[in-house]
1. Any chance the range 165-181 includes a residue that's outside any strand (DSSP E or B) and within 10 Å of the ligand (Cβ to nearest atom)?
2. Would a scan of the range 20-29 turn up a residue that is modelled with pLDDT of 95 or more, crowded, with 16+ Cβ neighbours inside 10 Å and within 11 Å of the ligand (Cβ to nearest atom)?
3. Let me spell it out: the conditions are (1) assigned to a helix (DSSP H, G or I); (2) within 16 Å of the ligand (Cβ to nearest atom); (3) in contact (Cβ under 8 Å) with a residue 24 or more places away in the chain; (4) in contact with a strand residue (DSSP E or B) (Cβ under 9 Å, 6 or more places away or on another chain), and residue 79 meets all of them except one. Which number is the exception?
4. Of the residues 32, 16, only one is closer than 11 Å to residue 189 by Cα, surrounded by 15 or more Cβ atoms within 10 Å (Cβ to Cβ) and touching a residue at least 24 places away in the same chain (Cβ under 8 Å); which?
5. Which residues, taken from the range 129-155, are under 30 Å from residue 27 (Cα atoms), more than 14 Å from the ligand (Cβ to nearest atom) and assigned to a loop (DSSP other than H, G, I, E, B)?
6. Give me the pairs: first residue in the range 131-155 and more than 29 Å from residue 21 (Cβ to Cβ), second residue near the ligand (Cβ under 8 Å from one of its atoms) and in a loop (DSSP other than H, G, I, E, B), beta-carbon distance under 7 Å, and six or more apart or on different chains, which are they?
7. Of the numbered conditions (1) within 15 Å of the ligand (Cβ to nearest atom); (2) modelled with pLDDT of 95 or more, residue 59 fails exactly one; give the number of that condition.
8. Return a yes/no flag: does the range 87-94 have any residue that is more than 25 Å from residue 28 (Cα to Cα), at pLDDT 95 or above, within 15 Å of the ligand (Cβ to nearest atom) and part of a helix (DSSP H, G or I).
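The values are calculated or read from the model by the stated rules, or taken from the named source; none is laboratory data. Note that the structure is predicted; figures quoted are calculated from it, not measured. Note: ideal-geometry Cβ built from the backbone for every residue, glycine included; neighbour counts use all protein chains shown.
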Ligand code: 6PG
């Protein structure tokens, strides 16, 4: 596992931002695709991005790994959070932003967004290949919106699928496991002591950890895991 342990969530965001800048600047392609995630650490990342020089994002296209089925101005909208903290303050062109329509019917939206990805992300083996997919990990081992009780989404042949949060019942549109796994690079941002137990089990390859969606991606060679000390202390 490629694990980078930083002092604090802020340092996790700053360290990843620096890696990303290097990857964007050394990419030979004219454009660069990133799938963003929801969750707490990306909020720090978005603020950090907005506070710096945003020239590096000129040719970057932004997508999402998952979205909650709520309107874009809802406080739980992953797009809404990113817009408030990053796109608007950094004046990112709307042409570079490809959001999941959380306000639409989830099944229809998962089909529409699959087409958006096929048309706007480079294809590899007929499937969209993001330059970078950013992921978090929930305390139940979920990632994007693939939850442990919906492991079939890991193997689904669809590009996107509809998921249901196991506790709240909230519907989500998510990339499937195969789409995430097809990315050139996968980056985890995981912070806080609540992730300690799951992370240790994944690291030790405990049999139980095979039941969690985050596990497979964490063990991939092209995955970079950025954690803060609270996760391993
Ligand atoms: C979402 C996510 C989700 C998230 C994890 C970790 O929209 O909720 O994309 O997979 O990344 O739940 O969230 P935290 O960073 O808040 O722990």
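1. There is at least one residue in the range 165-181 that is outside any strand (DSSP E or B) and within 10 Å of the ligand (Cβ to nearest atom).
2. Scanning the range 20-29, I find no residue that is modelled with pLDDT of 95 or more, crowded, with 16+ Cβ neighbours inside 10 Å and within 11 Å of the ligand (Cβ to nearest atom), so the answer is no.
3. (3)
4. On the way: 32 fails: closer than 11 Å to residue 189 by Cα.
Sole residue among the options that is closer than 11 Å to residue 189 by Cα, surrounded by 15 or more Cβ atoms within 10 Å (Cβ to Cβ) and touching a residue at least 24 places away in the same chain (Cβ under 8 Å): 16.
5. 129, 130, 131
6. Partner pairs satisfying both residue conditions: 148/142.
7. Of (1) within 15 Å of the ligand (Cβ to nearest atom); (2) modelled with pLDDT of 95 or more, only one is false for residue 59: (1).
8. Within the range 87-94, none of the residues are more than 25 Å from residue 28 (Cα to Cα), at pLDDT 95 or above, within 15 Å of the ligand (Cβ to nearest atom) and part of a helix (DSSP H, G or I).
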